[in-house]
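Below is one structure, written out as structure tokens; comments come after it.
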Amino acid sequence: TQGGTSVHVPEGTPTEFRAVVQQFDETSQSRKRAEESERATRERYQSILDNAVFGMSLARLDGRFLEVNAALVSMLGYDSATALMEVGADSLYASPQARPRLVDEALQTQAVENWEVDWLRADGSLISMRLNGKIIRLADGEPAFEMIVQDITDERHKENELRQSQKMEAIGKLAGSTHRSTWS
């Protein structure tokens, strides 16, 4: 096969040679289809990664990022995926103990579900994150984290506001009942 077309075998070529050329052509065509399928799969994966609304990453257990998507870069306030990858996962955790605990649990259970942690954005401000992911094996057999990251900062802020208003309401009720009992 040359450029995806079969090789022309001249008339009078021995049958054995024709059979070898035909088998070579079939193998070559099969390989080409497999390469096209692999390329399409890689493009689909990249499209999902690029267009996801959640942050996504692939990182070695030592904290080195192998891949990060645009959503994660944006939510953490970095200029580029390269800039975030250079920083690494370890430096994102506001609490130095959080990542080692996460790694330990992930290695025991092979997954992380609904872990809530505070991370540091590029400008140093805190952002609350929910982490879900699993341990996978890289081509070299090394374990790595495949992680989906959700920004829950607004959710936490609303929960805190609700708790605060419930406390104030309880204090108001308590103060009202105390006030009435002193006038009784």
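Summary table
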| read-out | value |
| --- | --- |
| Residue count for segment 39-95, restricted to those that are of a type in the set (Ser, Thr, Tyr) and either touching a residue at least 24 places away in the same chain (Cβ under 8 Å) or touching a His at 6+ places or on another chain (Cβ under 8 Å) (or both) | 4 |
| The one condition in (1) in a strand (DSSP E or B); (2) loosely packed, with under 14 Cβ neighbours inside 10 Å that Glu38 fails to fulfil | (1) |
| Filter result for Arg18 (in a helix (DSSP H, G or I), open to solvent by 100 Å² or more (accessible area, probe 1.4 Å) and among the basic types (Lys, Arg)) | no |
| Every pair of residues 6+ apart whose Cβ atoms lie under 8 Å, when the first sits in segment 147-161 and is at pLDDT 90 or above while the second is buried (at least 17 other Cβ atoms within 10 Å of the Cβ) and charged (D, E, K, R) | Val149/Arg130; Gln150/Arg130; Ile152/Arg130 |
| Which numbered condition Arg99 misses (of (1) basic (Lys, Arg); (2) out of contact with any Ser or Thr (no Cβ under 9 Å at 6 or more places or on another chain); (3) open to solvent by 50 Å² or more (accessible area, probe 1.4 Å)) | (3) |
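The values are calculated or read from the model by the stated rules, or taken from the named source; none is laboratory data. Just so it is clear, the model here is predicted, and its values are computed rather than measured. Backbone-built Cβ (ideal geometry, glycine too); neighbour counts: all protein chains shown. The protein model used for the area step is the full one, side chains on, heavy atoms only, and it has no ligands, DNA or RNA in it. Shrake-Rupley method; radii C 1.70, N 1.55, O 1.52, S 1.80 Å.
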